[in-house]
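Undergrad: Got a structure here, written out as structure tokens. Questions coming.
The values are calculated or read from the model by the stated rules, or taken from the named source; none is laboratory data. Given the structure is predicted, the values throughout are model-derived calculations rather than measurements. We place every Cβ from the backbone using ideal geometry, glycine too, and count neighbours over all the protein chains shown. Note: accessible area is taken over every heavy atom of the protein model, side chains too, but ligands, DNA and RNA are not part of it. Shrake-Rupley method; radii C 1.70, N 1.55, O 1.52, S 1.80 Å.
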Amino acid sequence: MNGTTRRMKRLFDKTSGNSLILALDHGANEGMIDGLGAIPSILKDLTSSEVQGVILNKGLARHFSAIIPEDINLIIQMNAGTRHGSPSYNKNIVCSIQEALRLGADAVSVHVNIGNELEDRMLVDLGEITDEAHQLGIPVLATVFARGSQIVNEHDSSLVAHCIRIGAELGPDIVAVPYPDNGEAFRKAVAASPVPVLVTGGPLGQTIEGAINNTLRGLESGCKGCCIGRNIFQTKNPIESMEKFAKVIHKKETITDT
């Protein structure tokens, strides 16, 4: 068993076989949005029975990694862009594998947007990061969206299926994609993927119950968990929200409006 395989096992709950990844890397892209100030208190209250990993940009990892419980995986986000950029869907490498390891990373994360004039460079970045990470035994989570000048609906089932296939074809160990409008092509792509598929939080503005429902439908389609951010850290009680997602992901409980 090599290092990548050993670390991958830690990213999934031993009992359920699923993973809840908490994404707290939004600040670089969005700026000072609601909820980011609560990050330290959220990290202190995490438990490994609920969350298997936390995604942070390198700056927050340097300041806050010490307060993350030791049995929860630290995942360093390797690339970034801002919503003010032209184009806003561009992502550039901002961290090296060596720096991620110095910060204590157990895995790394790369965001790729396809369907635009920059997808070739983002795909190259994914390939190079994956190669370097695997040489050092580090798993790679790829979040892949169909987003850009050529995309009309990023939740189109065939496009999301293509995003899954990129994760299968280009070497990352986990791929995270949005839950699509139509599930049939999605289910086929999940079933054909040799790497675990996670669903992301879903479109902005939906209720937490809507996001949880997307997660449950993803699990029913064969996904192995969820990579979620806003629908936890922007809620009134982030820990309670996280516990709701954990019940769905690890116990497959149905959550209703309260």
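Undergrad: Per residue, how much accessible area does segment 14-135 have with a 1.4 Å probe, in Å²? Show your work: numbers first, answer last.
TA: Values: 5360 Å² over 122 residues.
Heavy-atom accessible area per residue stands at 44 Å².
Undergrad: Which percent of the accessible area of segment 72-148 is formed by carbon and sulfur heavy atoms (probe 1.4 angstrom)? Show your work: numbers first, answer last.
TA: Working: 1400 of 2890 Å².
Whole-percent figure for carbon plus sulfur exposure: 49.
Undergrad: Would you calculate, for the chain, the mean residue ellipticity at 222 nm contributed by helices, counting each DSSP H stretch of 4 or more residues as -39,500 (n - 2.57) and dividing by all residues, to the nearest 500?
TA: Details: 11 runs with 102 residues, N = 258.
So the calculated ellipticity at 222 nm is -11500 deg cm²/dmol.
Undergrad: Among the lysines, which have Cα under 21 Å from the Cα of residue 244 when same-chain residues fewer than 8 positions away are ignored?
TA: Answer for residue 244, where 21 Å is the Cα cut-off: 14, 44, 224, 236, 252, listed by chain and number.
Undergrad: May I ask what percent, to the nearest 5, of DSSP beta bridges between residues of segment 44-133 are antiparallel? Can you show the working numbers first?
TA: On the way: 2 of 9 bridges.
Percent antiparallel among DSSP bridges in segment 44-133 is about 20.
Undergrad: For segment 2-46, which trypsin sites (Lys or Arg not before Pro) are both in a DSSP coil and crowded by at most 15 other Cβ atoms within 10 Å?
TA: Details: sites: 6, 7, 9, 10, 14, 44; in loops: 14.
Answer in residue order: 14.
Undergrad: Expected output is a single nm value to one decimal: the length gained when fully extending between residue 44 and residue 165, i.e. 0.36 nm times separation in residues minus the C-alpha distance. What is it? Please report the intermediate quantities before stating the final value.
TA: Numbers: separation 121, 0.36 × 121 = 43.56 nm, distance 3.58 nm.
Length gained, residue 44 through residue 165: 40.0 nm.
Undergrad: Counting only DSSP beta bridges with both residues in segment 124-258, what percent are antiparallel, rounded to the nearest 5? Please list the in-between numbers first.
TA: Details: 0 of 8 bridges.
Among the beta bridges of segment 124-258, antiparallel pairing accounts for roughly 0 percent.
Undergrad: Follow-up. For volume of the Cα convex hull per residue in Å³, which listed value, [x] 117; [y] 159; [z] 139, comes from the coordinates shown?
TA: Structure-derived value, by its label: [x].
Undergrad: Now, a different point. Only Cα pairs under 8 Å and at least 6 apart count here; give the relative contact order of the chain as a rounded whole percent.
TA: On the way: 504 pairs, mean separation 49.4, N = 258.
For the chain, the relative contact order is 19 percent.
Undergrad: Okay, next question. Which whole-Hz ³J(HN,Hα) couplings does segment 16-28 yield from phi under the Karplus relation 6.51 cos²θ - 1.76 cosθ + 1.60, θ = phi - 60°, glycine and proline marked x?
TA: Result, ordered by residue: 7, x, 10, 9, 10, 9, 9, 8, 10, 10, 6, x, 4 Hz.
Undergrad: Ok, one more. Check each of the GluC sites (Glu not before Pro) in segment 1-90 and keep only those in coil by DSSP with at most 15 other C-beta atoms within 10 angstrom; list them in order.
TA: Numbers: sites: 30, 50, 70; in loops: 50, 70.
Passing sites in segment 1-90 are 70.
Undergrad: Could you give the nm distance between label points at residue 121 and residue 92, where each point is 7 Å from its Cα heading toward the beta carbon?
TA: 0.8 nm
Undergrad: Name the GluC sites (Glu not before Pro) in segment 73-158 that are in a loop by DSSP and that have at most 16 other C-beta atoms within 10 Å, would you? It would help to have the intermediate numbers written out before the result.
TA: Working: sites: 99, 117, 119, 128, 132, 154; in loops: 117, 154.
Passing both the DSSP loop test and the Cβ count: 117.
Undergrad: Can you tell me what share of the DSSP beta bridges in the chain is antiparallel? A percent to the nearest 5 is fine.
TA: Working: 2 of 31 bridges.
The antiparallel fraction comes to roughly 5 percent.
Undergrad: Could you identify which residue out of 147, 121, 165 has the top mean-square fluctuation in a GNM of the chain using Cα springs shorter than 10 Å?
TA: 121
Undergrad: Can I ask one more? For the chain, set up a GNM with springs between Cα atoms under 10 Å and report which of 212, 93, 174 has the largest fluctuation.
TA: Top of the fluctuation ranking is 93.
Undergrad: For residue 70 and residue 150, what does the FRET efficiency come to when R0 = 41 Å and r is the distance between their Cβ atoms, rounded to the nearest 0.05? Before the final figure, lay out each step's value.
TA: Numbers: r = 44 Å, r/R0 = 1.07.
After rounding to 0.05, the efficiency reads 0.40.
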